[in-house]
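**Q** Structure incoming, see below.
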Amino acid sequence: MQTMPTQQQDDSGGQEGEPVESAGETFTDVTESLQEVGVSLTDWVTGIGQEELLVIGVAVGAFVILRLLRSVVAGLLKGGKKVPDLAWRKIIGRVLNSTHSFFILIACLVAASPFLGLPDPASGALTVIFRIALIIQAALWIRKFALAFVQRRAGVGKEGDPTTLANAISVVTVIINVVVVAFTFLLLLQNAGIQITPLLAGLGVGGLAIGLAAQGIFSDLFAALSIIFDKPFERGDFIDFDGTEGTIEKIGLRTTHIRSLTAELLIVTNAKLLDTMIRNYRQMSERRIFFNVGVTYQTPPDKAEKIPEMLKEAIESQEDVRFDRAHFIDFGDSALIYQAVYYVLSPDFVKYRNTHQAITFKLFRKFADEGLDFAFPTRTIHFSAPDGSGVDPREFGASAANSGSMPVTDGGKSGGGEG
């Protein structure tokens, strides 16, 4: 009866000691492997011959040539000052120039190892070192290319808000570094024979929890990155969003500042701004304008036929304008309606207004010279006697003036009045 608790304690103690013993055994195995590699390399060096020395010389020569080739090619791709810093050739040159000399040396030794007659422990250790170096070097290449691509896509060096752009680049740089380092670490663990599935599961759960907790912040942050990289608008652009017009003053990591036409400063979250339809007037290459002109129904037919040509002449008299069409389009309630369409070959709003104003004044003068009247809303009222015959209202005025009295009705029973 008394031995059972003791046995349970021994069993539990043994279970607690297993990880320690396992870690100790792993450390011992690594130490023994290193000692074995060292002994085998020592034996190989003491017995090295002329052929091995020649192969080592060729490997060293290849290392020197590859280093020189790396520098020469990177210099050629760099080009002169006329080549933009974010040109693809310069990006490739920077990626190539990030190749580490240690990786080149290990690659040369691995290529020469079949001719060196290395013992198996040393050859296996060289292969492991090469894999590790290749993983790290690939991570450096990916990081360098990703950062250069982000800078190129964001338009570093162009006009814009340098503070916002620097903040965005800093955030993206941190994200890229974390992702590259994490994947590199996982690949190194996998190559070391360590199971990374539980670690991936833990990282997934932790990332999900963080994402849910900071969902709003990440939403605005990625919206800001989308604005900076996709460029639906830039600082200084005049936009219309959800019926509100204004000029972009600042693009922040969470909000965008817009100066409205009435001088108020509107602060809108980036995610909400991207959820609306945005009209960007600054990115137009030209402006299409159409306008209607109405003349009275008393216009003679021969003059009415000349109005489209008058509209065309007034439009083509202006500079930086492309005429499209001018036609009579409809019989309106109180006017003959004409429509003209033209393009101002500039996105500038003030130029468009000045051009349209000049066209309008020219039409005003031309219509005055031709005796054409612009129509305005009018209504004609017809008077009739009780028998339905037409009555001229001017006769009422003359009759009233002669008799000193005005016509009266019978309270609406007769349906009309008499003079």
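**Q** What are the residues in region 335-385 that are of a type in the set (Gly, Ala, Ser) and at pLDDT below 90, if any?
**A** Matches in region 335-385: 346, 375, 384, 385.
**Q** If you scan region 305-337, which residues turn out to be basic (Lys, Arg) and part of a helix (DSSP H, G or I)?
**A** Of everything in region 305-337, those that are basic (Lys, Arg) and part of a helix (DSSP H, G or I) turn out to be 306, 312.
**Q** Quick one: what pairs do we get from region 375-392, first residue within 29 Å of residue 337 (Cα to Cα), second among the hydroxyl-bearing types (Ser, Thr, Tyr), C-beta under 6 Å, 6+ apart or different chains?
**A** What qualifies is 375/296; 375/334; 377/334; 378/334.
**Q** As an exercise: evaluate residue 346 against (1) farther than 25 Å from residue 245 by Cβ; (2) surrounded by 14 or more Cβ atoms within 10 Å (Cβ to Cβ) and give the number of the one condition it does not meet.
**A** (1)
**Q** Scanning region 65-83 for residues that are surrounded by 12 or more Cβ atoms within 10 Å (Cβ to Cβ) and without any contact (Cβ under 8 Å) to a residue 24 or more places away in the chain, which turns out farthest from residue 100 (Cα to Cα)?
**A** 83
Let's see how each residue does on (1) assigned to a helix (DSSP H, G or I); (2) over 25 Å from residue 226 (Cβ atoms); (3) modelled with pLDDT of 85 or more:
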residue	(1), (2), (3)
121	yes, yes, no
124	yes, yes, no
140	yes, yes, yes
153	yes, no, no
165	yes, no, no
168	yes, no, no
171	yes, no, no
182	yes, no, no
199	yes, yes, no
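**Q** Hey, another quick one. What number of residues within region 250-297 are within 30 Å of residue 325 (Cα to Cα) and not in a loop (DSSP other than H, G, I, E, B)?
**A** Number of matching residues: 12.
**Q** Also: Out of all the residues in region 243-265, is one or more β-branched (Val, Ile, Thr), farther than 30 Å from residue 380 by Cα and loosely packed, with under 12 Cβ neighbours inside 10 Å? Let's see the steps before the verdict.
**A** The first filter runs over region 243-265 and keeps only residues β-branched (Val, Ile, Thr), leaving 244, 247-248, 251, 255-256, 258, 262.
Next, only the ones that are farther than 30 Å from residue 380 by Cα stay: 244, 247-248, 251, 255-256, 258, 262.
When the remaining residues are screened for being loosely packed, with under 12 Cβ neighbours inside 10 Å, the result is 262.
Yes, the conditions are met somewhere in region 243-265.
**Q** Restricting the first residue to region 220-249 and requiring it to be without any contact (Cβ under 8 Å) to a residue 40 or more places away in the chain and not assigned by TED's automatic domain parsing to the domain that holds residue 146, which pairs with a second residue that is part of a loop (DSSP other than H, G, I, E, B) and of a type in the set (Gly, Ala, Ser) meet a Cβ separation below 9 Å and a spacing of at least six or different chains?
**A** Pairs that qualify, where the first residue is without any contact (Cβ under 8 Å) to a residue 40 or more places away in the chain and not assigned by TED's automatic domain parsing to the domain that holds residue 146 and the partner is part of a loop (DSSP other than H, G, I, E, B) and of a type in the set (Gly, Ala, Ser), are 247/236; 248/236; 249/236.
**Q** Right, here's the next one. How many residues does region 231-242 hold that are of a type in the set (Lys, Arg) and either surrounded by fewer than 17 Cβ atoms within 10 Å (Cβ to Cβ) or under 12 Å from residue 280 (Cβ atoms) (or both)?
**A** The number of residues fulfilling the criteria is 1.
**Q** State which residue is farthest from residue 125 (Cα to Cα) when the search covers only region 184-196 and only residues that are at pLDDT below 75 and surrounded by fewer than 14 Cβ atoms within 10 Å (Cβ to Cβ).
**A** The residue in question is 195.
**Q** A further question on this structure: Could you please let me know if residue 320 is closer than 28 Å to residue 246 by Cα, modelled with pLDDT of 90 or more and not assigned by TED's automatic domain parsing to the domain that holds residue 250? Steps first, answer last, please.
**A** On the way: closer than 28 Å to residue 246 by Cα: yes; modelled with pLDDT of 90 or more: yes; not assigned by TED's automatic domain parsing to the domain that holds residue 250: yes.
Against the criterion (closer than 28 Å to residue 246 by Cα, modelled with pLDDT of 90 or more and not assigned by TED's automatic domain parsing to the domain that holds residue 250), residue 320 qualifies.
**Q** Select from region 84-119 the residues that are surrounded by fewer than 14 Cβ atoms within 10 Å (Cβ to Cβ), at pLDDT 80 or above and under 31 Å from the mean Cα position of the chain (by Cα) and list them in ascending order.
**A** Of everything in region 84-119, those that are surrounded by fewer than 14 Cβ atoms within 10 Å (Cβ to Cβ), at pLDDT 80 or above and under 31 Å from the mean Cα position of the chain (by Cα) turn out to be 88, 89.
Condition check ((1) assigned to a helix (DSSP H, G or I); (2) surrounded by fewer than 16 Cβ atoms within 10 Å (Cβ to Cβ); (3) of a type outside the set (Lys, Arg)) across all residues:
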site: 339; (1), (2), (3): no, no, yes
site: 353; (1), (2), (3): yes, yes, no
site: 360; (1), (2), (3): yes, yes, yes
site: 381; (1), (2), (3): no, yes, yes
site: 386; (1), (2), (3): no, yes, yes
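**Q** For a quick check of your reading of the model, give me the residue pairs whose first member lies in region 291-313 and is assigned by TED's automatic domain parsing to the domain that holds residue 360, whose second is at pLDDT below 95 and of a type in the set (Asp, Glu), with beta-carbon atoms closer than 8 Å and at least 6 apart or on different chains.
**A** Note: pairs meeting the criteria are 295/373; 296/373; 298/373; 299/373; 303/370; 306/370; 310/370.
**Q** Can I ask one more? Only one of (1) over 15 Å from the mean Cα position of the chain (by Cα); (2) more than 30 Å from residue 364 (Cβ to Cβ); (3) modelled with pLDDT of 85 or more fails for residue 273. Which number is that?
**A** It fails just one condition, (1).
The values are calculated or read from the model by the stated rules, or taken from the named source; none is laboratory data. The model shown is predicted, which means the values in this text are computed figures rather than measured ones. Because the Cβ atoms are built from the backbone with ideal geometry, glycine has one as well, and the counts that use them run over all protein chains shown.
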